[in-house]
Amino acid sequence: MKNYCLNCRKELEEGQKFCTGCGTPVQNPVVNEPVSVEPQMVAQSQVQVQPQVVSQPQVQSQAVSQPSQVNQTLAAEKKDSNVFAIVGFVLAIISLLCCGTTGAFGLIFSIIGLVESKKKNGAGKGLSIAGIVISSIMVVLLIILSTLGAFADILFA
């Protein structure tokens, strides 16, 4: 006597615990012959619908931890700030307000910050470059204005 899977109607061998077709566990196979469903004209009063409970194989999904690892990596990069780049940029901005007096310090700190940004995967590179540009302009302006002031004292004294 042949046994068939209740779920997919595939032929089962004796002693088989799972269907090789759909993976459904075999528990007391009731169906001995495959059932063919043929449409028949049936009056509505004769139709009785009985729900059939079929156990489906459950697939365990594993949570993917990649997004959390990416977030941790990004958080670690954000925490690793470049202090020299920040100090250099702040001193460069202060040199704008103080007629270039802190421009030399801003230039030095910004250059150190640019070197450090290479070690820290680019952290603070933009601030360092902005600090270098602003500080350089202010140092050149300070030198030009100081030179003109010195010559003005000599010429008009």
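A few remarks follow.
- Estimated dipole of the range 79-155 in Debye, rounded to 20 [Cβ of Lys and Arg +1, of Asp and Glu -1, Cα centre]: 400
- Ordering of 98-106, 3-11, 19-27, 146-154 by packing [mean C-beta count within 10 Å, highest first]: 98-106, 3-11, 19-27, 146-154
- Built amide H within the under 5 Å cut-off of F18, gap 5+: V26
- Going from the residue with the fewest nearby Cβ atoms within 10 Å to the one with the most, V139, V90 rank V90, V139.
- Expressed in units of 2.2 N^0.38 Å, where N is the residue count, the Cα radius of gyration of the range 79-155 is 1.26.
Values quoted throughout were computed directly from the atomic coordinates according to the rules given, and no laboratory measurement underlies them. As the structure is a computational prediction, the values presented were derived from the model and not from experiment. So basically every Cβ, Gly included, is an ideal-geometry build from the backbone, and we count neighbours across all protein chains shown.
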